[in-house]
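First up is the structure itself, then whatever we jot down about it.
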Amino acid sequence: MAIHYVRVKGRIKDGKIEIDLPENVIEGDIEVQLPVAAHESELDGIPFTEEEIAQALRPHPKTGAEIAQNPAIGSWAV
């Protein structure tokens, strides 16, 4: 028997999850992933700020001459 996974929508109300299950759902244990709001204090352990991440993701292109002159990345050309 092949098993497929489906996404279902539901709601949380009074500490309980309410969903309408489709037909042919297999009985058994499940794992549920829920979105939760993070408090600012929980984010203190993140090593980079949003600005630092944005800076790291910006491209810094180099010309062929710059690459060839840089021993860290162009030493093969010397």
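Where a number appears in this text, it was derived from the coordinates with a stated rule and is not lab data. On a predicted model such as this, the values are computed, not experimentally measured, just so you know. For neighbour counting, all protein chains shown are included, and Cβ atoms are generated from backbone atoms with ideal geometry for every residue, glycine included.
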Net charge contributed by nearby residues that have their C-beta within less than 9 Å of residue 10 (K/R +1, D/E -1): 0
Inter-label distance, nm, simple model (7 Å from Cα along the C-beta direction), residue 27/residue 72: 6.2
